[in-house]
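Structure first, then comments.
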Amino acid sequence: QVQLVESGGGWVQTGGSLNLSCAASGFIFRINDMGWYRQAPPGTQRELVATVSLSSTTNIADSVKGRFTISRDNAKSTVYLQMNSPKPEDTGVYSCNANTYDPSQGYSEVWGQGTLVTVSS
């Protein structure tokens, strides 16, 4: 079973920067896509922020394109989200997501617990 643990959330001012990390642990055979989603306000549907494939192909939401960058370190089973020039509307709970494969269990989707990002003007 793969677990995801996010770190790096907190408070940031508009125009600042914040870097989120998400590390996978447990029995890892292969992690395919990894990504970040956010939810704001609580109870609303998660929206995609960015994803990165095993070969580092990225998909970035239009709302953050040019400001946020996603990357991954496969050796560390970690995905990062560099948030530059965040805006108040970027405030939310950011959750890490991973699509994994294990020969005995097949494909699975794993979520982290989420980390709160608050952007103030």
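The values are calculated or read from the model by the stated rules, or taken from the named source; none is laboratory data. Just so it is clear, the structure is predicted and the values come from calculations on it, not from any experiment. FYI the Cβ positions are ideal-geometry reconstructions off the backbone, even for glycines, and counts take in every protein chain you see. Remember, those area values only see protein heavy atoms, side chains included, never the ligands or the DNA or RNA. Shrake-Rupley method; radii C 1.70, N 1.55, O 1.52, S 1.80 Å.
Describe numerically, in nm with one decimal, the distance between label points set 7 Å from Cα along Cα→Cβ at residue 75 and at residue 53.
Distance between label points: 2.4 nm.
Please report the carbon-and-sulfur percent of the accessible area for the chain; probe 1.4 Å, protein heavy atoms only, DNA, RNA and ligands left out.
Accessible surface attributable to carbon and sulfur in the chain totals 49 percent.
Pop the C-beta distance of residue 17 and residue 62 into the FRET formula with R0 = 30 Å and round what comes out to the nearest 0.05.
Working from the Cβ atoms, E equals 0.90.
Express in whole angstrom the spacing between the alpha-carbon centres of the range 1-60 and the range 75-112.
The distance from the Cα centre of the range 1-60 to that of the range 75-112 comes to 3 Å.
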